[in-house]
Structure formats: structure tokens, C-alpha cells
Amino acid sequence: AWAAAGGIGTISAVNADSYDPTGKIIPQVFEGMTRRERHQELIDYGIRGAVAQIERAHEIANGRGAININVLWEMGGSQPILHGVLEATRGKVTGVTCGAGMPYKLSEIAAQYGVYYLPIASSARAFRALWKRAYSKVPQWLGAVVYEDPWLAGGHNGLSNAEDPLKPEDPYPRVKALRDVMRAEGISDDVPIVMAGGVWFLREWNDWIDNPELGQISFQFGTRPLLTQESPIPQGWKDALRLVEPGDVLLHKFSPTGFYSSAVKTPFLKRLQARSARQIPFGASECAETPVRLVADRKKYWVSAESEALAQGWIAEGYTSALKT
């Protein structure tokens, strides 16, 4: 639908659904007896699902706009899936947007099938590394560089160890630094930088558009299309997103990946926050830092006097189960 309106419609090539002849979603059942066999089944499902979604998108767009696919580089089987999908959909995919890691081989694969590659980077430094190592070899297929802001984008964010999750930085100087790197490497200003994260109204970005410091700029809309009639997500999800207020989105580290992730503060996320707040350091034996013995859930710990007081307060509130983390 986004492509049909004249834009670049990006669809997920990450474990997408495929359909039987009646239009019903095919359940992903794994029959293999070994992990290697089941992994291959996962790759096959991924290819068939992405191809099915591209075919549907191509039909809806009816030749208008452009259709891109999005791939997570660190997902299982990303490279064979990308090869399989692009081979089966020649002429229907314009570009591949890719992040979640450092996709060095992205440019090589995209060039092999004559499609553009759009790497996702959260800093000028990350893009420079990609360019130096791989992308400079096939510059003609660089379609754009997606700047995914570490503090404004949804999902997993590319915060580095040098960046503070509690101190968001203005995206403008970070995007300007990215353009400076691109110019230093001889990349034309006609190659757009795509601002991704926090984009709702274009009027909020007037000072970016036609700005000679930044060169060609495009914008990625992620949340807003979720609320459209064409969006297939459940109505309850749409209703909840319309009620989100400033401060209702949390940049947290509860993801099992270990990376920072951005999410709406649901009751589940609030419980995780509260659990995280009820943590104290402890030792295996008495020492200067942990002189007080704490008995919790029939287990014994050595803690500071301050921590013991906190723990007793939590126990009094009914939080009686101790868990080592």
C-alpha cells in the first residue's frame, strides 16, 4: 500500500508467512530429526514466506513506487534466505534494507541480483567501517544509508558502549557527521540518508529538507503506517498505540539479545522494571562491604546494612522469593 501511494514500501523478509492455495497461512511445522535439518526447514520457510509477501506487495503496488525487503543480518540463515528470495523475485524487488549487525556481504549479494542495498547504521563510525571493508567495492548499488536513531527508533537500537541510553543526542549533528563521512569517501549527495526513528510529521523536519549540509534526505515511517486501515495488525494494538503519551516508551535492556530495545510500557514491561529495581548486591561471605546476613526465601546472603533494609521492605510488601541474577 505504501508503494502504491508512490513511496518505498518495505516488507519483512524475516520468517514471513506463506499461504496455501486457499489463502490460509501455512503453519511452520518442523519435521527434521536433527538441528541441521530443522535449520534448513527454517530457511526454506523463510524463503517461501518472503517470496509470498513480495508477490502480494507487487500485486497491490501495481507497478507504482518501489518494493524493498528488510532483512536482519544476524538472523539464522540470512545469507541463503537473501539469495533464495532475490533469485525467485527478480525484477520485483528494488532494494534490500538491512541492519541488526554489520552486514558486510550485503553489497556483494545485492549487486549479484541487480538490486540496491540500504544499510542501517546508527553512527557515522559504523557506516565508515562498512564502506571501507566492503561497500566501496560496489558503490553503484548503494541506494541509501538508513540512519536509525539509537534513542528514537523502535525495536532493538544500535547504542554503542560510548553512548548513554539516558542521554539522547540530537540526531541532526549525527546525520551531518554521516554525510561528512559519505562525502569524504566520494559518495554523491544524491544518495539519500534516510532518517529513521521519531518521524511522524514532515513539518517537524523542515530544517532538514533541502539543507545543503545534509544533502538528499528521506524519511522512514515505522509507527504511523501501523495505524492505517491497510495495516494488518490487531485493532487492539492500533487502539493502544493511539493512547501512547510522551514518556510511555522505554529504552530498556530486558531483551534476551542483551541489546537495548525500545518498547511501549505495557504492564509486562512495567513488571520487569519493578523487578529490576528490586535488586541488591550480595556476597558469599561476611566482609566489610557485606557485613549483614540476610535470610530470604530460606536462603542466606551477606549484604550491606542499607541493602538489608531495602530487602526487608520488599519482603514486607510480599516479594519473598529471592533470585540470583
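Rule-based calculations on the coordinates, nothing more; no lab input. All values derive from a computational prediction rather than experimental measurement. Using ideal geometry, Cβ is built from the backbone for each residue, glycine included, and neighbour counts are taken over all protein chains shown.
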Task: the chain: relative contact order as a whole-number percent, Cα under 8 Å and 6+ apart - done: 10 percent
Open item on the list: Can you divide the C-alpha Rg of segment 195-325 by 2.2 N^0.38 Å and report the result to two decimal places?
Closed with: 1.64
Open item on the list: Tell me the Kirkwood radius of segment 43-126: reciprocal of the mean inverse pair distance over distinct alpha-carbon atoms, in Å.
Closed with: 13.1 Å
Open item on the list: How are the alpha carbon pair distances in segment 232-276 distributed across 10 Å bins from zero to the largest one, expressed in percent?
Closed with: 24, 50, 26, 1
- [ ] If a/c stays under 1.5 just call it rounded; otherwise compare a/b with b/c (prolate if a/b is bigger, oblate if not). Do that for segment 1-53, with a ≥ b ≥ c from the square roots of the Cα gyration tensor eigenvalues.
- [x] oblate
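Local charge sum around Arg133 (other residues, Cβ-Cβ under 14 Å, Lys/Arg +1, Asp/Glu -1)?
Numbers: positive: Lys105, Arg125, Arg128, Lys132, Lys137; negative: Glu108, Glu185.
Summing Lys/Arg as +1 and Asp/Glu as -1 gives +3.
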Open item on the list: Can you tell me the length gained on complete extension of the stretch Phe201 to Glu55, counting 0.36 nm per residue apart and subtracting the Cα distance?
Closed with: 49.5 nm
Open item on the list: For segment 199-325, what is the number of Lys pairs with C-alpha distance below 22 angstrom, counting only pairs 8 or more positions apart or on separate chains?
Closed with: 8
Task: Euclidean distance of C-alpha centroids, segment 167-203 and segment 50-110, integer Å - done: 23 Å
- [ ] Sum up the charges of everything whose Cβ sits under 13 Å from the Cβ of Ser304, counting Lys and Arg as +1 and Asp and Glu as -1, but leave Ser304 out.
- [x] -3
Task: Mean shadow area of segment 187-260 over all directions, Cα convex hull, nm² - done: 7.9 nm²
TODO: Could you estimate the translational diffusion coefficient of segment 15-87 from the Stokes-Einstein equation, with Rh from the Kirkwood formula over C-alpha pairs, at 4 °C and 1.567 mPa s, in whole µm²/s?
DONE: 97 µm²/s
- [ ] Please work out whether segment 118-269 counts as rounded, prolate or oblate from its C-alpha gyration tensor, where a ≥ b ≥ c are the square roots of the eigenvalues and a/c under 1.5 means rounded, while otherwise a/b larger than b/c means prolate and anything else oblate?
- [x] prolate
- [ ] Work from the charge dipole of the chain (Cβ charges, +1 for Lys and Arg, -1 for Asp and Glu, about the Cα centre) and give the residue of Val93, Gln216, Pro103 farthest towards its positive end.
- [x] Pro103
Open item on the list: Once each part is reduced to its C-alpha centroid, what is the distance from segment 9-32 to segment 112-130 in angstrom?
Closed with: 28 Å
TODO: Would you mind listing how long the chain runs along its three principal axes, going by Cα atoms, in whole Å with the largest first?
DONE: 70, 53, 41
Task: Electrostatic dipole magnitude of the chain [Cβ: Lys, Arg +1; Asp, Glu -1; Cα centre; debye, to 20] - done: 640 debye
Open item on the list: Need the list of aspartates and glutamates near Lys92 for cross-linking: C-alpha distance under 12 angstrom, and skip anything on the same chain fewer than eight residues off.
Closed with: Glu55, Glu59
Open item on the list: Just to be sure I understand: with springs between alpha-carbon atoms less than 10 Å apart, which residue in Glu108, Glu41, Glu306 has the highest mean-square fluctuation in the Gaussian network model of the chain?
Closed with: Glu306
Open item on the list: Looking at the chain as a GNM with Cα springs under 10 Å, which of Trp314, Trp141, Trp208 has the largest mean-square fluctuation?
Closed with: Trp314
Open item on the list: Could you identify which residue out of Phe201, Phe127, Phe219 has the top mean-square fluctuation in a GNM of the chain using Cα springs shorter than 10 Å?
Closed with: Phe201
TODO: With a ≥ b ≥ c taken as the square roots of the eigenvalues of the C-alpha gyration tensor of segment 92-151, please select rounded if a/c is under 1.5 and otherwise prolate if a/b is larger than b/c or oblate if it is not?
DONE: oblate
- [ ] Would you list which lysines come within 19 Å of Lys105, measuring only between C-alpha atoms, while excluding same-chain residues fewer than 8 positions from it?
- [x] Lys132, Lys137
TODO: Find out how many positive minus negative residues lie around Asp180, taking Lys and Arg as positive, Asp and Glu as negative, among other residues whose Cβ is under 14 Å from that of Asp180.
DONE: +3
